[in-house]
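In what follows, a structure is listed as structure tokens, so that the remarks can point back to it.
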Amino acid sequence: MIRNHPTELTYTLYIRMYAIVEINGQQFKAEAGKKLFVHHMQEAENGATVEFEKVLLVDKDGAITVGAPTVEGAKVVCQVVSNIVKGEKVLVFHKKRRKGHRKLNGHRQQFTELTITEVVA
């Protein structure tokens, strides 16, 4: 005999939905709850809500809608977690052989960290 077994099973309906959105000239796959690191957005403040309406593709539980060039009425709503996040350091080394010329440059790209709250289609 099985004890503490529910007589009715409850199911939660999960709709798989994602969108391809263009942010600052780059395309990202956006799903609710995911984090994105985009090129630095100067106008964004920490904790602010940002909407992106340049949605190129929407997949709503297998039904794919492709925009020409964008999907009308679709948008991605994000919250700014951190305005300035520095990326990995990239080292660029220049050398001219037999001349003793060496030059080393370093660069760290600044990013804005976003959390996707919802995809509206």
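Taking the stated definitions as given, is THR117 among the hydroxyl-bearing types (Ser, Thr, Tyr) and in contact (Cβ under 8 Å) with a residue 60 or more places away in the chain?
In short, yes.
Within the set of pairs 6 or more residues apart or between chains, which connect a residue that is surrounded by 13 or more Cβ atoms within 10 Å (Cβ to Cβ) inside the stretch 17-41 to a residue that is assigned to a loop (DSSP other than H, G, I, E, B) and among the aliphatic types (A, V, I, L, M) with Cβ atoms less than 9 Å apart?
Listed by first residue and then by second, the contacts come to MET17/ALA32; MET17/ALA121; TYR18/ALA32; ALA19/VAL71; ALA19/ALA74; ALA19/ALA121; VAL21/ALA74; ILE23/MET41.
Can you find a residue that is closer than 18 Å to LYS29 by Cα and of a type in the set (Ser, Thr, Tyr) anywhere in the stretch 78-90?
no
If I filter the stretch 71-121 down to residues being in contact with a strand residue (DSSP E or B) (Cβ under 6 Å, 6 or more places away or on another chain) and outside any strand (DSSP E or B), which single residue comes out as farthest from ILE15 (Cα to Cα)?
Ranking the qualifying residues of the stretch 71-121, first place goes to VAL71.
Among the residues of the stretch 42-53, how many are surrounded by 14 or more Cβ atoms within 10 Å (Cβ to Cβ) and either within 24 Å of GLN109 (Cα to Cα) or of a type outside the set (D, E, K, R) (or both)? Full working, then the answer.
First pass over the stretch 42-53, keeping only residues surrounded by 14 or more Cβ atoms within 10 Å (Cβ to Cβ): 44, 50, 52-53.
Filter once more, so that each one left must be either within 24 Å of GLN109 (Cα to Cα) or of a type outside the set (D, E, K, R) (or both): 44, 50, 52.
Summing the residues that are surrounded by 14 or more Cβ atoms within 10 Å (Cβ to Cβ) and either within 24 Å of GLN109 (Cα to Cα) or of a type outside the set (D, E, K, R) (or both) in the stretch 42-53 gives 3.
No lab work stands behind these numbers, since they all come straight from the coordinates. The model shown is predicted, which means the values in this text are computed figures rather than measured ones. Counting neighbours? That spans all protein chains shown, and the Cβs are built from the backbone with ideal geometry, glycine included.
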